[in-house]
Amino acid sequence: VLLRALSYLQRHGGDGLASMSAKAVLNANYLAHRTSGTLPLAYPQHPPMHEFVLRGTAVREHGVRVLDVCKRLIDLGYHPPTNYFPLIVDEALMIEPTETETPETLDGFAAALDRAVSDAADDADLLHDAPVTTPVRRLDEAKAARELVLRWAAEDDA
C-alpha cells in the first residue's frame, strides 16, 4: 500500500511531496509501535498510514477516561491527540504525528503517554485535576456545549 501511494505521489505530486508523505507515514508507524504497548491499537490488522487510533478503555478500571489522559498530557508538555469517536472506537486516541517530528520528540510523546496511563493507575485524582500547569484549568465542557458562546462580547460595565 505504501509503495503504491508513494509511486502515485512521485508521478503526480513531485518528489518533495512524496518524501514528506513517506516521513509522515514512517513517523506514524514508529509512534504506533512505541505506544501500542501502553494502549492497544484499535485496528492492529491495518498498518498506519499517517495516523493511528489507540483504544484507551483499560484506563476506565481506574475511574479515568481518555479525556483525563489527554488533559494530563497537557501538563506533561504535549498537545493532546483527538479523543472522541464513541460510536466508532470507545475511548479513542487518534494520533497523527507530522512529518517534521524528530525521533526524540516521538519518543518523548510515547514516554508522556506511558506516564499519563501509569498515573491513572497510581493517582486518578492527578488526572481528574489536570491540567494544572496552564493559565486556565479544566473547562466545564458540558456547560460549554449547553451554553454556546459563538462570539466574544465585551462585558457591560454598568
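The values are calculated or read from the model by the stated rules, or taken from the named source; none is laboratory data. This is a predicted model, so every value here is computed, not measured. FYI the Cβ positions are ideal-geometry reconstructions off the backbone, even for glycines, and counts take in every protein chain you see. Side chains are part of the model used for accessible areas, which takes the heavy atoms of the whole protein and leaves out ligands, DNA and RNA. Shrake-Rupley method; radii C 1.70, N 1.55, O 1.52, S 1.80 Å.
Numbers for the structure displayed
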| read-out | value |
| --- | --- |
| Residue pairs meeting the criteria (Cβ under 6 Å; at least 6 apart or on separate chains; first of a type in the set (A, V, I, L, M), in segment 27-47; second surrounded by fewer than 19 Cβ atoms within 10 Å (Cβ to Cβ) and in a loop (DSSP other than H, G, I, E, B)) | ALA28/HIS50; ALA28/GLU51 |
| Exclusive hit being within 26 Å of ALA32 (Cα to Cα), in contact with a Ser or Thr (Cβ under 9 Å, 6 or more places away or on another chain) and not aromatic (Phe, Trp, Tyr), set ASP122, ASP90 | ASP90 |
| The lone exception for GLY56 - which of (1) modelled with pLDDT under 95; (2) surrounded by fewer than 19 Cβ atoms within 10 Å (Cβ to Cβ) it fails | (2) |
| Subset of segment 84-106 (residues that are touching a residue at least 24 places away in the same chain (Cβ under 8 Å) and surrounded by 14 or more Cβ atoms within 10 Å (Cβ to Cβ)) | PHE85, VAL89, GLU91, ALA92, LEU93, MET94, ILE95, GLU96, PRO97, GLU99, GLU101, LEU106 |
| Evaluation of GLU61 against (1) surrounded by fewer than 17 Cβ atoms within 10 Å (Cβ to Cβ); (2) in contact (Cβ under 8 Å) with a residue 12 or more places away in the chain; (3) not small (Gly, Ala, Ser) (one fails), failing number | (2) |
| Wholly within segment 32-141, helices (runs of 4 or more DSSP H) carrying at least 3 residues that are within 15 Å of the chain's Cα centre (by Cα), of a type outside the set (D, E, K, R) and on the phi < 0 side of the Ramachandran plot | 66-75, 103-122 |
| So LEU148, is it within 25 Å of ALA42 (Cβ to Cβ), open to solvent by 90 Å² or more (accessible area, probe 1.4 Å) and at pLDDT below 95 | no |
